[in-house]
Amino acid sequence: MNDKIVIITGANSGIGKAAALKFAAEGYRVIMACRNLKISTAVQKEIMEMTKNTNVDLMELDVSSFDSICTFSTAFKAKYPHLDILINNAAYLNHGEKEYKLSPEHIELSFATNTFGPFLLTRLLADHLEKSQDPRVLNACTTNIKNFFDPKRKIEFDNLRGELRETRPYSVYKMYGDSKMALLMLTFKQAEEFKSRGIKVNAIQINRVKLSKETIQKMHSIWRVFARLQNLTNPQPSGMANNYFHICTSDEYKNLTGQLINHKREIIEPSTAETGLAQLKNIFGNKTYPSYATNPQNVEQVWRLSTTLTENF
Ligand SMILES: NC(=O)c1ccc[n+]([C@@H]2O[C@H](COP(=O)([O-])OP(=O)(O)OC[C@H]3O[C@@H](n4cnc5c(N)ncnc54)[C@H](OP(=O)(O)O)[C@@H]3O)[C@@H](O)[C@H]2O)c1
């Protein structure tokens, strides 16, 4: 039995569940941070039975709600002495959604769940991470950010509260990609901020993984067909869960911080050219990410916004 403690958000399905299973099988103390306790209790039981690890805890967390994040973080700190690993895995992507959906704090739901939620959670847990010998944070990113190789692509900062909902049609994919790009920028910036405290913050660029039955069930009908077809060739979540485990536990990544890592566990570099042949390599390869992510003005804008929105929590 390992006394290392790991929090995994959205651990009741897909990659999060596979990661909870992997960490539990390796003897870690696993905290499944999930919003639906009824569904997640059955998953917790299944993981404990499969791994014979009784140290699998389930705690309520809605990552899109700042209040819920505060309640979770207070409850976690009261219960556990330190935190070794935080995996910000949960995300909002409702395929086919056409309406603006807002979080309890009136922030567009992709940004609330995929960007500001993980930012606040990491910030609130930093003092507990600092008590670990080897604290690591991993943020789940996506190849969708490749859309930012298009020089015209920008984050819609003017529309994060649905301000333009009357005039700008909602695109769940655009908001998803924007929110994950912002998460990547926060990964870089939080890595810098936490360096002196020994906390390492990285992101993983997930390409494609089989979706769970439960996730497909939540989709609009036509999307279910696409998802089932894609699932025929997509790899199982366990492969990506092994990547989470390796990045968060191995000596190879012990001193790594402020990096984006691809599905082959290689470090991805910012692109240096975004036209012609170089652009084709960017788009079809897995070795570069858009330079938009490291532009100091863009990073500063995301950082300031995240700090301002969460300052009272
Ligand atoms: N699968 C892929 O091909 C792929 C590709 C690129 C990136 N990713 C990324 O990989 C991560 C895992 O994705 P997945 O494919 O495993 O998806 P998934 O099976 O749909 O899992 C998403 C998890 O997030 C949880 N979640 C959503 N909103 C939440 C909230 N507000 N509070 C707490 N939990 C919340 C869901 O809980 P509920 O069950 O309660 O909804 C679910 O447990 C995500 O960050 C995703 O963006 C996946």
Kindly list the residues of region 15-39 that lie in the label zone of Glu49, defined by a backbone N under 18 Å from the point 7 Å along the Cα-to-C-beta vector.
17-18, 20-22, 24-25, 38-39
Nearest-5 percent of antiparallel DSSP beta bridges in region 5-310?
10 percent
Scan region 254-313 for trypsin sites (Lys or Arg not before Pro) in coil per DSSP, keeping those whose Cβ has at most 16 other Cβ atoms within 10 Å, and list them by number.
Lys254, Lys264, Arg265, Lys287
Going 7 Å from the Cα of Asp134 toward and past its Cβ, which residues in region 77-121 have a backbone nitrogen under 13 Å from where you end up?
84-85
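Rounded to the nearest 0.05, what FRET efficiency do Gln217 and Tyr173 give with R0 = 22 Å and r taken as the Cβ-Cβ distance? Could you check? Write out the running numbers ahead of the final one.
Working: r = 20 Å, r/R0 = 0.91.
The formula returns an efficiency of 0.65 here.
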Karplus ³J(HN,Hα) for region 14-26 (6.51 cos²θ - 1.76 cosθ + 1.60, θ = phi - 60°; Hz, whole; x = Gly/Pro) runs x, 5, x, 5, 4, 5, 4, 4, 5, 5, 5, 4, 8
Quick one: which residues, 5+ away or cross-chain, put their amide H under 5 Å from the amide H of Thr142? H built at 1.01 Å from N.
Ile206
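Hey, got the dipole for region 113-177? About the Cα centre, +1 on K and R Cβ, -1 on D and E Cβ, debye to the nearest 20?
Around 240 debye, computed over region 113-177.
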5 Å is the cut-off here: which amide hydrogens, built 1.01 Å from N in the peptide plane, fall below it relative to Val201, excluding neighbours closer than 5 in sequence?
Val137, Gly258
Computed over region 183-313, the Cα gyration tensor eigenvalues, each multiplied by 5 and square-rooted, give semi-axes in Å (largest first) of 28, 20, 19
Under 5 Å from the placed amide H of Glu108, counting only residues 5+ away or on other chains, we find Ser103, Arg161, Gly162
Partner lysines for Lys146 [C-alpha distance under 23 Å; skip if fewer than 8 residues away on the same chain]
Lys98, Lys154, Lys174, Lys180, Lys189, Lys210, Lys264, Lys281, Lys287
Region 74-90 - phi-based ³J(HN,Hα) in whole Hz, Karplus 6.51/-1.76/1.60, Gly and Pro as x
5, 5, 4, 5, 6, 9, 10, x, 7, 9, 9, 9, 10, 10, 7, 9, 4
In whole Hz, with x marking every Gly and Pro, tabulate ³J(HN,Hα) for region 198-213 from phi via Karplus 6.51 cos²θ - 1.76 cosθ + 1.60, θ = phi - 60°.
x, 8, 9, 10, 10, 10, 10, 8, 8, 8, 8, 9, 3, 8, 6, 4
Give me the extension gain from Asp158 to Ala278: residue separation times 0.36 nm, minus the current Cα-Cα distance, reported in nm with one decimal.
40.1 nm
Placing +1 on each Lys and Arg Cβ and -1 on each Asp and Glu Cβ in region 5-310, then taking the dipole about the Cα centre, the residue among Trp303, Gly285, Ala227 whose Cα reaches farthest towards the positive end is Ala227
With +1 on the Cβ of every Lys and Arg and -1 on the Cβ of every Asp and Glu, and nothing else charged, how large is the dipole of the chain about its Cα centre, in debye rounded to the nearest 20?
780 debye
Take the Cα gyration tensor of the chain, multiply each eigenvalue by 5, square-root it, and list the three semi-axes largest first, rounded to whole angstrom.
28, 22, 21
What per residue convex hull volume, in Å³, comes out for region 75-138 when only alpha-carbon positions are used?
87 Å³
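Determine the calculated [θ] at 222 nm for the chain from helices alone, applying -39500 (n - 2.57) to every DSSP H run no shorter than 4 residues and normalising by the residue count; nearest 500 deg cm²/dmol.
Per the formula, -13000 deg cm²/dmol.
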If you take the charge dipole of region 5-310 about its Cα centre, with +1 on Lys and Arg Cβ and -1 on Asp and Glu Cβ, which of Gln236, Ile69, Met48 is farthest toward its positive end?
Gln236
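Readers should treat all values here as calculations from the given coordinates under stated rules, not as data from a laboratory. Note that the coordinates shown come from a computational prediction; the quantities given were computed from them, not determined experimentally. Every residue, glycine as well, gets a Cβ built from its backbone with ideal geometry; the counts of neighbours run over all protein chains shown.
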